[in-house]
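Beneath this line is the structure, given in C-alpha cells, with notes to follow.
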Amino acid sequence: MPRFSWYGRDAAAQAQSGILESSTRLQVADMLAAMGIVPVVIEPYNPPPEASDTFRKLLRRDRIGDVELLLFSRQMHTLSRAGVPILRALQGLQESATHDGLKRLLGELRSALDAGHELSHAMGRHEQVFDRFYISMIHVGETTGQLTEIFESLYQHLDFQRLMREQIASALRYPKFVIIAMVVAVAIINIFVIPAFAKVFENLKTELPLMTRILLGSSKFVVAWWPAMAVGAAIAALAARAFVRTPGGRLAWDRWKLSIPVAGKILRKGALSRACRSLGMVMRSGVPLLEGLRLAAAVTENAYMERAILDMRSGVERGDNVLAVSRKAGIFTPIVLQMIMVGEESGTLDEMLDEVGLMYQREVEYELKTMSAQIEPILIFFLGAIVLVLALGVFMPMWDLGKASLK
C-alpha cells in the first residue's frame with residue numbers, strides 16, 4: 001500500500017509530521033483529522049536511497065531503456081483493450097515486473113493516480129523516461145477517450161524508432177571498426193615500427209628519400225609529444241562536447257551531420273520518416289495541425305530538422321497551407337511535395353504523411369543495405385594510401401641500399 005509523508009499542526013498549534021500508509025491522500029487527511037491534527041502538506045513518501053540502490057544506479061541496472069518502454073506501451077494497450085482499469089493494470093504490471101527501475105516507476109505512477117492526478121501529469125514527472133511526444137499523446141488519449149488506441153500507436157511508433165536506430169547502428173558498425181583499426185595501426189607503426197627502422201637508417205650514412213624523412217619526423221614527434229597530444233585530444237573532445245550541448249553548437253553539429261557523404265542522406269531520410277509518421281499519427285488522433293507539427297519536430301532527433309519543421313509551424317500560423325510551408329522548408333523532395341498536395345486537397349493528409357514516412361523508411365532500409373558497398377571503396381582508398389606511404393618511406397632506403405651493394 002502507498003505511504004504518504006505528512007506535516008500538520010495539532011490542537012495546540014504544535015508542528016507534527018510523520019508517515020502513514022493509505023490508498024489515497026483523502027484517507028490520510030481523514031486519519032489525521034481523527035487524531036486531532038490539521039494537515040498542511042500530504043505527499044507521496046519517497047524513502048532515501050539505500051547503498052544497494054545507489055550501487056545499482058551506478059551500474060545502470062535501474063535505467064529504463066527503449067525496450068522496457070516498448071513493452072510497457074504494448075502491455076498497457078492489451079490491458080486497456082481488455083477493459084482493465086488503469087490503476088489495476090499498473091498494479092498488475094508492477095507485481096510482475098522484474099526490472100527494478102520499471103517496478104519503481106509503476107509504483108510512482110500509481111501513487112500519483114491515487115492522489116488524483118491524470119496519467120499524463122504523472123508521466124510528466126519522469127521526463128527522463130517519457131519524452132514530450134509520449135506525454136502529449138497520452139494527454140490526447142485521456143482527452144478524447146482513445147487511450148487504448150493511443151497506447152497501440154505509441155507502441156508502433158517506439159518499435160519503428162527502435163528499428164531505425166538498430167539498422168543505422170548495424171550499418172555503421174563495420175566502418176567504425178575499420179576506422180578504429182586504421183588509427184590503431186598507424187599509432188603502432190609510428191611508436192614502435194618506424195623508430196626501429198630509424199636505427200637502421202642511421203647506419204646508412206646517406207641522404208634518405210623525402211618520404212622517409214617525413215615518416216621519421218612524424219614518428220619522432222609522436223613519440224616525444226604523445227602525452228601532450230593525448231591531453232590536447234581529451235581537452236578538444238570535452239570542448240566539442242560542451243559546444244554541442246549549447247543550442248547553437250547542437251544546431252551546427254546536426255546540420256553538419258546531414259552533409260556527411262553517404263551517412264548524411266540516411267540521417268536526413270530517417271529524421272523525415274520519423275517526423276512524417278509521427279505527424280500522421282497525431283493528426284489521426286485528433287490533434288490540431290499546429291500542435292502536431294510541434295510534436296513531430298520533437299521526434300526528429302536533429303536540431304536542424306527540428307528547426308525546419310518548427311518554421312513550417314510558424315508558416316501555418318501565419319495562414320499558409322501545408323504545401324507552401326513544406327516547399328519553403330527545403331527538406332522534402334518534389335515527389336513528397338506532390339503527395340502532400342494530394343493529401344491536403346483530398347482531406348487525407350494524415351494518410352499521405354504515413355505513406356511519405358513509409359517511403360522514407362524503405363529508402364533508409366535500402367541505403368543501409370548498400371552502405372557497406374558505398375563505404376568500402378573509400379576505406380580501401382585510405383588503406384591503400386597508408387600502405388603506399390609506408391612502403392615508399394620504409395622500403396625505398398632498403399632498395400637504395402640493395403642497389404648500392406650490387407654496384
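Restricting Met305, Met312, Met339 to those that are within 26 Å of Gln167 (Cβ to Cβ), more than 20 Å from the chain's Cα centre (by Cα) and surrounded by 18 or more Cβ atoms within 10 Å (Cβ to Cβ) reduces the list to Met339. Restricting attention to the range 288-302, the residues that are under 20 Å from the mean Cα position of the chain (by Cα) and either buried (at least 17 other Cβ atoms within 10 Å of the Cβ) or not acidic (Asp, Glu) (or both) add up to 9.
When Glu344, Glu363, Glu351, Glu367 are checked against the criterion of being surrounded by 13 or more Cβ atoms within 10 Å (Cβ to Cβ), modelled with pLDDT of 80 or more and closer than 17 Å to Ala296 by Cα, Glu351 stands alone in meeting it. Highlighted here are the helices (runs of 4 or more DSSP H) found entirely within the range 204-310 that include at least 3 residues which are among the β-branched types (Val, Ile, Thr): 210-245. Within the range 280-328, the set of residues being touching a helix residue (DSSP H, G or I) at 6+ places or on another chain (Cβ under 6 Å) and on the phi > 0 side of the Ramachandran plot comprises Gly286 only. Within the range 268-298, the set of residues being among the hydroxyl-bearing types (Ser, Thr, Tyr) and either closer than 16 Å to Gly343 by Cα or touching a Phe, Trp or Tyr at 6+ places or on another chain (Cβ under 9 Å) (or both) comprises Ser273, Ser278.
The values are calculated or read from the model by the stated rules, or taken from the named source; none is laboratory data. Please read these numbers as outputs of a predicted model, since none were measured by experiment. With ideal geometry, Cβ positions are generated from the backbone for all residues, glycine too; neighbour counts draw on all protein chains shown.
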